[in-house]
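The values are calculated or read from the model by the stated rules, or taken from the named source; none is laboratory data. In this text, all values refer to a predicted model and were calculated from it rather than measured experimentally. Glycine gets a Cβ as well: all are built from the backbone with ideal geometry, and neighbour counts include every protein chain shown. Accessible surface is based on the protein model in full, side chains and every heavy atom, while ligands, DNA and RNA are left aside. Shrake-Rupley method; radii C 1.70, N 1.55, O 1.52, S 1.80 Å.
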Amino acid sequence: MAAVRAGVSSRILGQSSALGARSMSSWWRSVEPAPKDPILGVTEAFLADPSPDKVNVGVGAYRDDNGKPVVLECVREAEQRIAGNLNMEYLPMGGSVKMVEETLKLAYGEDSKFIKDKRIAAVQALSGTGACRLFADFQKRFRPDSQIYIPVPTWANHHNIWRDAHVPQRTYHYYHPESKGLDFAALMDDVKNAPNGSFFLLHACAHNPTGVDPSEDQWREISYQIKVKGHFPFFDMAYQGFASGDPERDAKSIRIFLEDGHAIGIAQSYAKNMGLYGQRVGCLSVLCEDEKQAIAVKSQLQQLARPMYSNPPVHGALIVSTILGNPDLKSLWLKEVKVMADRIIGMRTALRENLEKLGSPLSWKHITEQIGMFCYSGMTPEQVDRLTKEYHIYMTRNGRISMAGVTTGNVGYLANAINEVTKSS
């Protein structure tokens, strides 16, 4: 009898195991591998290449003239001051109050009346990406019938962010391929023709991926037309200070819109201008009608953040608030961010000069006319493929060159390779 019971139990266990195996295998059977990120995939291919001549001008992170990552001295000093002196308790849902206060001064101005009047709803965010995503969710929740206009081209992740927030997207003209500059007339037509009360995503400075920014006069015209149409301007400012070397100059577009009386939103990031890529520290702010509205908006931003990540990380916020809250460290940061910007500008000049010395039949003046980390070279995907296959040079297939990856040691090699694949164009 015991043997019979054991046999039955064994069969039941076997059937249960088989059923469990079938059940487990069916849960995710429909899941296909996600497509590779076009930017991160470039780095993966570069790392796998054994060639000693390989060059990576695809990565969107600053490198020194030896091609090495940089930690700013002001960051090192801030970390020393922080170490062992502060606890690791949770931050509030809105993040570090001190960091947010200092960050708003950079964007809105040291003596901003909007800060003094407490009209800005602001929270610490997970760098610029997190700030954009938080705003996209806020837009969807409180303006559910709205859409956002995104420039062509833009940073690829912008599309992912508003798509996953279920906000309908439209596009507006921005880059002019023939001139390799701004398609201003078409941009203005799109602003005029968009339904009243649309949201417009604007790059505050150092447009990614083109490096093409409107002039001050053009920004004033854009601001005027957006105001006439009752649109909401949302600025993604990932490169303040890193573009020109002067944070005030790089915030000029935002200041113009503030002067013109817009309600605006801003995503700020310290990835590029402080080199805090992995710390994921940034800020989302929304300018409101009055203090009462700002309190309400901030409470809703915090409510959105709660189920996403509860509260933001503390270390990066401590670094930023320590640097910006100390006159000596802030002065050092301003010097260091200018060094980074100046190196990028210098590499632009060197690349253009090398191409011109090689007798390239093409015009390369756009290299020095564009600004920021990226140069939109105008090369075709096929030419980029040749650069990779024949010269072990890696970049995204849209021809975007990360000037951070260009050094005095490789600029000649890069120019020669570009000349070889483009001279028959």
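Report the one residue of 278, 370, 396 whose Cα lies farthest in the direction of the positive end of the charge dipole of the chain (charges on C-beta: Lys and Arg +1, Asp and Glu -1; origin at the Cα centre).
So the residue we want is 278.
Nearest 5 is fine: what % of DSSP beta bridges in the chain come out antiparallel, could you say?
Here the share of antiparallel DSSP bridges comes out near 50 percent.
Going by amide H atoms built from the backbone, whose H comes under 5 Å of the H on residue 170, apart from near neighbours?
Long-range HN contacts for residue 170: 148, 149, 150.
Based on DSSP loop calls and a cut-off of at most 11 other Cβ atoms within 10 Å, the longest stretch of the chain free of exposed chymotrypsin sites (Phe, Trp or Tyr not before Pro) is what?
Result, exposed sites excluded: 91-425.
Would you calculate a helix-derived [θ] at 222 nm for the chain, using -39,500 (n - 2.57) for each DSSP H run of n ≥ 4 and dividing by the full residue count, to the nearest 500?
-15500 deg cm²/dmol
At 1.4 Å probe radius, can you tell me the per residue accessible area of the chain in Å²?
48 Å²
Of the candidates 40, 387, 301, which one comes out as most mobile in a Gaussian network treatment of the chain with C-alpha springs shorter than 10 Å?
40
If you stretched the chain out fully between residue 146 and residue 326, how much longer would it get, using 0.36 nm times the residue separation minus the C-alpha to C-alpha distance?
Extra length available between residue 146 and residue 326 comes to 60.6 nm.
Taking only complete DSSP H runs, can you tell me which helices of the chain stretch 30 Å or more along their own long axis by Cα positions and average at least -0.5 on the Kyte-Doolittle scale?
2-26, 327-357
Can you work out ³J(HN,Hα) from phi for every residue in region 265-271, in order, using Karplus 6.51 cos²θ - 1.76 cosθ + 1.60 and θ = phi - 60°, giving whole Hz and x for Gly and Pro?
Each residue's phi maps through the Karplus curve to give x, 9, 9, 10, 9, 10, 5 Hz.
What is the percent of Cα-Cα separations in region 148-209 that go past 18 Å?
35 percent
Considering amide H positions built from the backbone, and no H for Pro or chain starts, which residues 5 or more places from residue 241, or on another chain, come under 5 Å of its amide H?
246, 250
What share of all Cα pairs of region 198-352, in percent, falls into each consecutive 5 Å distance bin?
2, 8, 14, 19, 18, 17, 13, 7, 2, 1, 0
May I ask you to give the percent of accessible area on region 252-382 that is carbon plus sulfur, with a probe radius of 1.4 Å?
That share works out to 52 percent.
Grab the other residues whose beta carbon is less than 12 angstrom from that of residue 225, score K and R as +1, D and E as -1, and report the net.
Taking every Cβ under 12 Å from that of residue 225, the sum is 0.
In the Gaussian network model of the chain, springs joining C-alpha atoms below 10 Å, which of 269, 363, 146 carries the largest mean-square fluctuation?
Answer for the Gaussian network model of the chain: 363.
Given the options 151, 33, 50, which has the most mean-square fluctuation in a GNM of the chain, springs set between C-alpha atoms less than 10 angstrom apart?
So, out of 151, 33, 50, the one fluctuating most is 33.
Cross-link partners among lysines for residue 298, C-alpha distance below 16 Å, same-chain residues fewer than 8 apart left out?
98, 118, 140
Could you work out the relative contact order of the chain? I mean the mean sequence separation of Cα pairs under 8 Å and 6+ apart, divided by the number of residues, in percent.
Relative contact order for the chain comes out at 24 percent.
For region 121-222, run through the GluC sites (Glu not before Pro) and keep only the ones in DSSP coil with at most 10 other Cβ atoms within 10 Å of their Cβ.
Passing both the DSSP loop test and the Cβ count: 178.
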